[in-house]
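The values are calculated or read from the model by the stated rules, or taken from the named source; none is laboratory data. Note that the structure is a prediction, hence the values are computed from the model and not measured. Please note: Cβ atoms are built from the backbone with ideal geometry, for glycine as well, and neighbour counts cover all protein chains shown.
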């Protein structure tokens, strides 16, 4: 046994390193839009390869070996946005360095500012920088470098001010820049009532780990975007709780809870006998 370990310990280390890399790459990449497509294509490729080898299908083996390289390059080009976002998240770390009390105070101030904007129906767009920097977007706006407050947010997003049209970038507890331009999401949006402000909020979270908050100018409704997904028509209490879930919880615990929630939802959908009525506002948005 000792001799076996001395001869093959390097193989064990290689397997451990590859397993850790693949595992963390999967956890980072699974939330992207092209993850399921890539997994499906990988399964098809593995099945065809095994079948051609077991059944000794020489023509299929020839085709697979010739097409594999071209297909790999094509996939890198097709899924370039998803791969870029996944790799950026894989190599990033959180920048929230201030303590829990400061975080809670910041989130409380942010929530107060958002709901004052909502009551006045001032259209607003906030982007909270996390581990992936937003320097390219910050440079498109006007530098502010001021501590966040409800009064400052109301001043920036007042319809008659020069900075109201665009997004505000928050880094830590400060407003870094205002009137910033964000990339609009290119994915299909089911709800046609969402305008450019909502699409820009979704687009930024598709290419970074930022959290964006939107206040509708027409209705005053508040929406939150994370990982390319939008949560619309949030109530004040639910909005505050969602911010705490995102910024105050342990990322590992949050991932485990998301997996559990997904399993519960799938079980509910499997056992559901009827479709919810159109009047159920918890299921159907405005």
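Data for the structure
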{"read-out": "When residues of the range 229-245 are limited to those that are in contact with a helix residue (DSSP H, G or I) (Cβ under 8 Å, 6 or more places away or on another chain) and part of a helix (DSSP H, G or I), the one farthest from residue 210 (Cα to Cα)", "value": "236"}
{"read-out": "Among the candidates 152, 170, residue that is part of a helix (DSSP H, G or I), assigned by TED's automatic domain parsing to the domain that holds residue 204, surrounded by 14 or more Cβ atoms within 10 Å (Cβ to Cβ) and touching a strand residue (DSSP E or B) at 6+ places or on another chain (Cβ under 9 Å)", "value": "152"}
{"read-out": "Residues located in the range 111-143, provided they are over 20 Å from the mean Cα position of the chain (by Cα), farther than 20 Å from residue 235 by Cα and buried (at least 19 other Cβ atoms within 10 Å of the Cβ)", "value": "141"}
{"read-out": "Members of the range 196-229 that are more than 9 Å from the chain's Cα centre (by Cα) and within 18 Å of residue 111 (Cβ to Cβ)", "value": "201, 212, 213, 214, 215, 216, 220, 221, 222, 223, 224"}
